[in-house]
Each structure stands twice: as structure tokens, then as C-alpha cells.
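This report concerns only the one structure given below.
Please treat every number below as a calculation from the coordinates, not as lab data. Given the structure is predicted, the values throughout are model-derived calculations rather than measurements. All Cβ positions, even for glycine, are placed from backbone atoms using ideal geometry, and neighbour counts span all protein chains on display.
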Amino acid sequence: MANSNKFKSDDVPALPPPPLPEVAGVEEDFSTSLERLRNEVQQAKAIPEESARETALLSALKNCRKCLEDAEEAKVIATRRVTAAKEVYENAAQALSGYTPLNSRVAGIGNSSNKRAKIEKMPRVSVAQLAEEQSYPTNTLYLPPHYSQGGSMDEGLVSNFRDSFYRQLTGGAVQSAADLDGFVPPPTNANLKSKAQLKEWIYIAEHWATGVDGLDAGQFRAKHKTWYSRMKPVTYKLGRRTGIHIRETDDGTKYLCRHSKDGSKSIIYLEIGQVFDALFEMHVMELGHRGRDATKNLADERYANLPDAQIRAFLDACPACAARR
């Protein structure tokens with residue numbers, strides 16, 4: 001058999017590799033840095049006095065976040081290094097006859113799944129801790145009044161409108177607004193809550209930082225971790241998470257609120273019995289039956305839990321809008 005005259009890249013003497021993009025700003029080995037953070041967290045957890053422990057954990061959390069951000073930046077730079085190395089290999093290999101593509105020749109190049117570091121779960125920060133770093137808005141809350149008539153609609157028409165809306169909103173589980181007191185929305189629906197469910201949420205938010213009923217803060221949070229995952233009751237960087245907080249009116253009534261998207265004001269969570277009146281006030285009384293976008297934009301400025309689905313159900317049930325269709 002004739003010998004092949006084709007060169008193989010394995011036969012070529014290795015040359016000094018060309019310079020690749022360097023990872024800048026590395027002050028210490030990552031594993032050393034991570035070990036230091038682990039020790040900082042463990043030391044903070046061991047502090048017996050609760051207030052001092054919470055303060056130390058908050059400081060540790062900030063350091064962990066900085067480490068995470070640095071690791072993400074290093075990951076981007078490392079990706080560029082791999083890309084550059086691939087280009088060098090491709091250029092060299094293409095100069096040889098019998099060229100074999102890189103992804104066929106070297107399995108797993110660029111696949112970091114087996115080397116990906118697992119970062120320990122960072123401690124959560126309580127509402128009370130972050131309240132020290134930011135002040136909650138003091139704007140007037142929009143509390144919708146009860147409407148029995150208005151917008152050229154008499155009592156009978158508004159009553160039928162209300163019943164039709166709640167039938168559609170609940171998928172027929174409620175046949176009239178009078179049945180709402182006995183209706184409990186599914187716990188998985190974060191945007192539709194009964195008065196009792198919102199009262200429970202207020203109770204959880206109030207005691208998130210301290211614990212209650214014989215439970216310390218950690219035990220209380222563990223008990224209500226499902227609520228936390230749905231509500232995200234902290235805001236470290238406003239805009240990524242909208243902070244859950246409690247506002248109390250002059251008559252002592254407490255309302256569960258979150259920040260508006262721009263962080264300038266508090267917007268409240270409505271219980272299911274208030275949803276119709278809030279939408280009636282905006283769509284009928286203020287906007288004169290303008291469309292979904294206008295209603296949604298105004299709703300987002302005032303309320304925390306009026307998604308598109310609720311607004312569409314209201315517009316579909318609106319008799320004045322139906323007459324124009």
C-alpha cells in the first residue's frame with residue numbers, strides 16, 4: 001500500500017502558541033476567594049446575637065454577589081479565549097492537506113459542563129434589612145370605591161356586568177359577585193387572591209425578618225419558602241425585583257404593596273372583590289371605554305396584580321364595548 005503524502009497535524013512540531021486574550025483583574029485565585037467567602041458566611045451564621053448576625057450576613061451576601069459578578073465576567077473572557085484558540089487551530093489545520101474540522105477532531109472543546117463550579121446558595125436578605133438602605137414611597141394609594149352605577153350604566157346593568165365579569169374571570173367557578181365570599185382562588189395564581197389570602201400574605205411579609213409563633217426568622221422563612229419564591233419579597237437592585245412591603249393608612253388598615261416599575265411609588269395588591277371596581281373606575285369612569293392598552297397602562301401605575309388576562313375579561317364583559325363591536 002502506498003504511503004500517503006498528506007501531512008497530519010500531529011506530525012507537525014508544536015510552535016509557541018500565539019498570545020490570546022488575557023483575563024484581567026485577577027487579584028487572587030478563585031478557589032481561594034470562594035473559600036474566604038465560605039468562611040465569612042459561616043462566621044456570620046455563628047454570631048449568636050440576631051441583629052449582628054443579620055448585619056454580618058448582609059455584608060457577606062454583598063461580597064458573594066461581587067464574587068459572582070467577577071466570575072461571570074471571567075466566564076465571558078474565558079469564552080473569548082476559547083474562540084480565539086479555535087480560530088488559531090482552524091487556520092493552522094486548514095494549511096494542511098487532510099484537514100479535519102476541530103469539532104470532529106477534538107471532542108468537548110468549549111464544553112465546560114464538567115468543569116462548571118457549583119456556587120453555594122447565598123443567604124436571602126430580609127425586607128427589614130434592605131429597608132435600612134432604601135425608603136419606601138409615601139404616595140397616596142389608589143383604593144377603588146364600590147360602584148353600583150356610573151358611566152351611563154344604571155344599577156341593573158352594572159350588577160349584570162359585575163356578575164358576567166367574575167364568571168369569566170373564574171372560569172365559571174363563581175356565577176355572581178355575591179358568591180365571591182366563598183370562593184378561594186388557586187394558591188398558584190399570584191394575581192388573583194381573596195381577602196383572606198392577602199391577609200395571610202401581609203402576615204408573612206410583616207414577620208419575614210423576625211419570625212413569630214415560636215419560630216425564629218430562619219424557621220419562619222423555611223415554612224413560607226413557597227410564598228417567597230412567588231413573591232420575591234426583597235429588592236437589592238430595583239428594576240430586577242420589585243420590593244414587597246406593607247403600607248398602613250390613617251385608619252390603621254394594612255395593604256400589601258410593591259414598587260412600581262420605576263420605583264417611584266407603591267402600588268397595592270387588590271383582593272378579588274376589588275378587581276371589578278378598580279377596572280370600572282379606570283376603563284369606564286376615567287378613560288371612557290378606551291382600549292386594552294390604555295386601561296393596562298393606567299392599571300400598571302396603580303395596582304400590582306392586574307395582568308392582561310383580567311383586563312381582557314373585563315373588556316369582553318363590558319356592555320358598552322360589546323355594543324360597539
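How would you order 79-86, 263-270, 283-290 from highest to lowest mean count of nearby Cβ atoms within 10 Å?
Details: 79-86: 13.9, 263-270: 19.9, 283-290: 15.6.
Highest mean packing first, the order is 263-270, 283-290, 79-86.
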* To do: With a Förster radius of 25 Å, plug the Cβ-Cβ distance of Ala320 and Lys261 into 1/(1 + (r/R0)^6) and report the FRET value to the nearest 0.05.
  => 0.25
* **Potential lengthening between Tyr228 and Asp300 on full extension [0.36 nm per residue; Cα-Cα distance subtracted]** => 23.7 nm
* To do: Please identify which residues in the stretch 275-290 have an amide N closer than 20 Å to a label point set 7 Å out from the Cα of Leu157, following the Cα→Cβ vector.
  => 276-290
* Backbone HN-Hα couplings from phi across the stretch 271-278 [Karplus 6.51/-1.76/1.60, Hz, Gly and Pro as x] -> 7, 4, x, 8, 4, 4, 5, 5
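Suppose R0 equals 30 Å; then what is the FRET efficiency for Asn139 and Leu68 from their Cβ-Cβ distance, rounded to the nearest 0.05?
Details: r = 34 Å, r/R0 = 1.13.
That pair, Asn139 with Leu68, gives E of 0.35.
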